[in-house]
Amino acid sequence: MRIRPATTTELPALQDIERAAGEPFRSLGMAAIADDEPPTVEELDRCLRAGRAWVAVEADGAPAAYLIADALPDDHALHIEQVSVHPRAARRGVGRALIGYAAGRAREEGATALTLTTFADVPWNAPYYARIGFRPLADAELTPALRAIRAHEAELGLDRWPRLCMRRDLTPRSAP
């Protein structure tokens, strides 16, 4: 798959990817996550305009996955807000490739890490991220920006299931 910046006309397709990617949560008893609305077109457009919305596209050019991120300048990190892969493209390394692409862009911008928040016990969340080089952060390691993100998630009710912050340090030779 080819990775490139998302386009404005693709934003509704990203919402469709998010809905499809959420369905497996239902089998874990997390129907509220499966039923959660994806980011709005306006939220996605904000990331697009900031140059932090990327898609992995199939041979026909249709998006099969996306990643949106936000800079945390005080943390010298690029924070992955969402990475979603349509189930038809799952288990093909697409998510890993998107994260690798984001890591490369983050390095170009002078970031020293990628961060994200995720469900601790969902197999395709924290355990997956650990396999690709992210480590869980202890509460004492959370920066003010990550604390604010976690507080917002708690307001949204995401803390019904264990969540954590994770970080992957970036060095010039970090693997994607």
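Please give the net charge around residue 65, taking every other residue with its beta carbon less than 13 angstrom from that of residue 65, where Lys and Arg add +1 and Asp and Glu add -1. Could the numbers behind the result be given before it?
Values: positive: 2, 4, 88, 91, 92, 96; negative: 10, 16, 18, 58.
With Lys, Arg at +1 and Asp, Glu at -1, the net is +2.
Report, in deg cm²/dmol and to the nearest 500, the calculated mean residue ellipticity at 222 nm for the chain, where each DSSP H run with n ≥ 4 adds -39500 (n - 2.57) and the sum is divided by the residue count.
On the way: 6 runs with 59 residues, N = 176.
Mean residue ellipticity, 222 nm, calculated: -10000 deg cm²/dmol.
Calculate log10 I(q)/I(0) of the range 107-176 for q = 0.12, 0.15, 0.24 Å⁻¹, where I(q) comes from the Debye formula with a single equal point scatterer on each Cα and nothing for solvent.
-0.34, -0.52, -1.12
I need the P(r) histogram for the range 13-70: all alpha carbon pairs, bin width 5 Å from 0 out to the longest distance, whole percents.
4, 19, 23, 22, 18, 10, 3, 0
Rg(Cα) of the chain divided by 2.2 N^0.38 Å? Spell out each step's value before the answer.
Numbers: Rg = 15.2 Å, N = 176, 2.2 N^0.38 = 15.7 Å.
The value comes to 0.97.
Per Stokes-Einstein, at 10 °C and 1.306 mPa s, what whole-number D in µm² s⁻¹ belongs to the range 121-160, with the Kirkwood radius over Cα pairs as the hydrodynamic radius?
Numbers: Rh = 11.5 Å.
Calculated translational D: 139 µm²/s.
We did not get these values from a lab; they are worked out from the coordinates using the rules stated. All figures in this text were calculated on a predicted structure; none of them were measured in a lab. With ideal geometry, Cβ positions are generated from the backbone for all residues, glycine too; neighbour counts draw on all protein chains shown.
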